[in-house]
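This report refers to the structure that appears directly beneath it.
The values are calculated or read from the model by the stated rules, or taken from the named source; none is laboratory data. This structure is a prediction, so every number in the text was calculated from the model and none was measured. As a convention, Cβ positions derive from the backbone with ideal geometry for all residues, glycine included, and neighbour counts pool all protein chains shown.
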Amino acid sequence: MCESSHFQFHPRCKDIKLTHICFADDLILCSKGDYQSILLLLQAFKLFSNSAGLKANQQKSSVYCHGMPESEVQRVVDVSGFSRSFLPFKYLGVPICSKKNTVAQCGHLVDKMITRIMIWSSRNLSYTARMQLINSVLISLHMYWAQIYVLPKSVLQDIVRIYRAFPWSGQAFSQKPSNIAWDKVCCDKQHGGLGFRDVVLWNMAFIGKYVWALVKKQDNIWIRWITSVYLKDGEWWDYQPSSSASWYWRQICVTKEKLKQFFTLSDLEGMAHYSVKQVYEKMLDLKPRVHWDRLAWNRLLTPKHRFICWLAAQCRLQTTAKLARIGISQSALCLICGLQDEDHNHLFFQCQFSYQIMQAMQQWLGVPMAGTLHQLVRKIGHSRVSKFRKQVIFAAIGTAVYLIWKSRNASFWDNQIPTISHTVSSLKKLVKGRIQVVLPKTVSKRGYDWFITL
Ligand SMILES: [Zn+2]
């Protein structure tokens, strides 16, 4: 067919003699928009179908024409038996088009997220459960789209808004301010965050893969096509697109310029494989390493207790002292003892209620439980007991923080505070119960024997 003088390639596919692209179950055929060429293309496909036994499903096949007179288009539709459609078409659920993706097209992604959240919001989920849902379900939805193309700014902003609202309110949209700045939340857990992704940077890191593929001059059809249509003989690293280039291609060029702030040409040339995560982390302004992540994200700590611990470690719980400072509460006094201002240190260590719980824990576990939360975590981290023992102690502290916070809230909502002995016994029960379920396999006999005596 390509040899025939009657066949003409699609103008943009002429140099690389491209007539078709095959995907798993799909096929794209392309040629110049004249009846003769299209007819030859269809005949070639028919020949292939007859010999290979692979036929096109007419109901699912479409013709996309551009710059052709209507009468010609009708002839093509009649001869092919396919229906006429207009760009963008959807491939694996994502709209494909060389033009800028409109907000309406990508709005589908936001709608999907909102639908999920509406299902979840009817359930009474803990903060930790909401966080896990964001990290698993919502981020994977977004990641799927983000690896294919640059999402419009307003869509990315909507996604951020959902990520910011859902962990705190359980809803897709909320006016309730979050307790922690967004850039902090976006750090990984070792750096004090929740491991959420900065959606704009993540999208850019994904698209950076195409920049890298061009630097590496990978041998594939896309690189050959880009080289023939846009780059010609120019150097990719210094290339500037013309304003008539497709929106999508210009976005890849914009991404290249942004990557230049973090990588040199030889950095990218030196990468044997492209790691989205590594590129993302380099672009992310990393916060200093924290030492309390092993308290909040300890595997032996009940998941439900982790989020409160994460907030407590950063002194970000809405204590009465804090609420008084911002004018929400008239009094700053502790809701449990009513004797001193309720800041984090008072609530978890100095208050008579928590002091006695900490004393009981000290007796139970054989380690001093004094100082601030940070001091305690550091001291235990540096102590010479086994890793398993440290994890158990951290789990106990984490559970204590949760139970003290819960008691303080009970005092506010129900006007009653559980007794110290009741709190201590439920603390022991919770810690032992959880650890028995997730007991690490690597625990030594000595460690296990110690745990059993608790
Ligand atoms: Zn108190």
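Is segment 372-379 home to any residue that is within 22 Å of GLY192 (Cβ to Cβ), among the polar types (S, T, N, Q), in a helix (DSSP H, G or I) and under 31 Å from the mean Cα position of the chain (by Cα)? Looking through segment 372-379, none of the residues is within 22 Å of GLY192 (Cβ to Cβ), among the polar types (S, T, N, Q), in a helix (DSSP H, G or I) and under 31 Å from the mean Cα position of the chain (by Cα). Whether a residue is under 27 Å from THR128 (Cα atoms), buried (at least 20 other Cβ atoms within 10 Å of the Cβ) and β-branched (Val, Ile, Thr) was assessed, and ILE393 passes this test.
Beta carbons closer than 8 Å, at least 6 apart along the sequence or on distinct chains, pair a first residue in segment 226-247 that is touching a residue at least 60 places away in the same chain (Cβ under 8 Å) with a second that is not acidic (Asp, Glu) for SER228/ILE16; VAL229/ARG12; SER246/SER98; SER246/LYS99; TRP247/SER98; TRP247/LYS99; TRP247/LYS100.
Considering ARG289, ARG250, ARG294, ARG306, the condition of being assigned to a loop (DSSP other than H, G, I, E, B) and either at pLDDT 90 or above or under 24 Å from LEU125 (Cα atoms) (or both) is satisfied by ARG289 alone.
Of SER178, SER174, SER169, which residue is farther than 16 Å from LYS282 by Cα, surrounded by fewer than 21 Cβ atoms within 10 Å (Cβ to Cβ) and in contact with a Pro (Cβ under 9 Å, 6 or more places away or on another chain)?
Values: SER174 fails: in contact with a Pro (Cβ under 9 Å, 6 or more places away or on another chain); SER169 fails: in contact with a Pro (Cβ under 9 Å, 6 or more places away or on another chain).
That would be SER178, the only listed residue that is farther than 16 Å from LYS282 by Cα, surrounded by fewer than 21 Cβ atoms within 10 Å (Cβ to Cβ) and in contact with a Pro (Cβ under 9 Å, 6 or more places away or on another chain).
Which residues, taken from segment 134-166, are part of a loop (DSSP other than H, G, I, E, B) and either crowded, with 20+ Cβ neighbours inside 10 Å or free of Cβ contacts under 8 Å to residues at least 40 places away in the same chain (or both)?
Let us first name the residues in segment 134-166 that are part of a loop (DSSP other than H, G, I, E, B), namely 147-152.
Within segment 134-166, TYR149, VAL150, LEU151 meet the criteria.
With without any contact (Cβ under 8 Å) to a residue 24 or more places away in the chain, hydrophobic (A, V, I, L, M, F, W, C) and assigned to a loop (DSSP other than H, G, I, E, B) as the only criterion, which of VAL437, VAL385 stands out?
On the way: VAL437 fails: assigned to a loop (DSSP other than H, G, I, E, B).
Of the residues listed, the single one that is without any contact (Cβ under 8 Å) to a residue 24 or more places away in the chain, hydrophobic (A, V, I, L, M, F, W, C) and assigned to a loop (DSSP other than H, G, I, E, B) is VAL385.
Checked against (1) within 16 Å of the ligand (Cβ to nearest atom); (2) within 26 Å of ARG434 (Cβ to Cβ); (3) touching a residue at least 40 places away in the same chain (Cβ under 8 Å), PHE349 passes all but condition (3). For segment 309-337, the candidate set comprises residues that are within 12 Å of the ligand (Cβ to nearest atom) and assigned to a helix (DSSP H, G or I); within that set, the residue that is surrounded by the most Cβ atoms within 10 Å (Cβ to Cβ) is THR320.
Annotation note: of ILE417, ILE357, the sole residue that is in contact (Cβ under 8 Å) with a residue 24 or more places away in the chain, outside any helix (DSSP H, G or I) and within 15 Å of the ligand (Cβ to nearest atom) is ILE417. Does GLN8 fit the bill of being among the polar types (S, T, N, Q) and either surrounded by fewer than 14 Cβ atoms within 10 Å (Cβ to Cβ) or under 22 Å from TYR248 (Cβ atoms) (or both)? In short, no.
Among the residues of segment 328-376, those identified as among the β-branched types (Val, Ile, Thr) and either within 25 Å of PHE412 (Cβ to Cβ) or at pLDDT 95 or above (or both) are ILE328, ILE336, ILE357, THR372. Here LEU40 meets each of (1) exposed (fewer than 15 other Cβ atoms within 10 Å of the Cβ); (2) farther than 18 Å from SER246 by Cβ; (3) out of contact with any helix residue (DSSP H, G or I) (no Cβ under 7 Å at 6 or more places or on another chain) with one exception, condition (1). Candidates are the residues of segment 64-115 that are among the aromatic types (Phe, Trp, Tyr) and closer than 23 Å to TRP249 by Cβ; the one that is surrounded by the fewest Cβ atoms within 10 Å (Cβ to Cβ) is PHE86.
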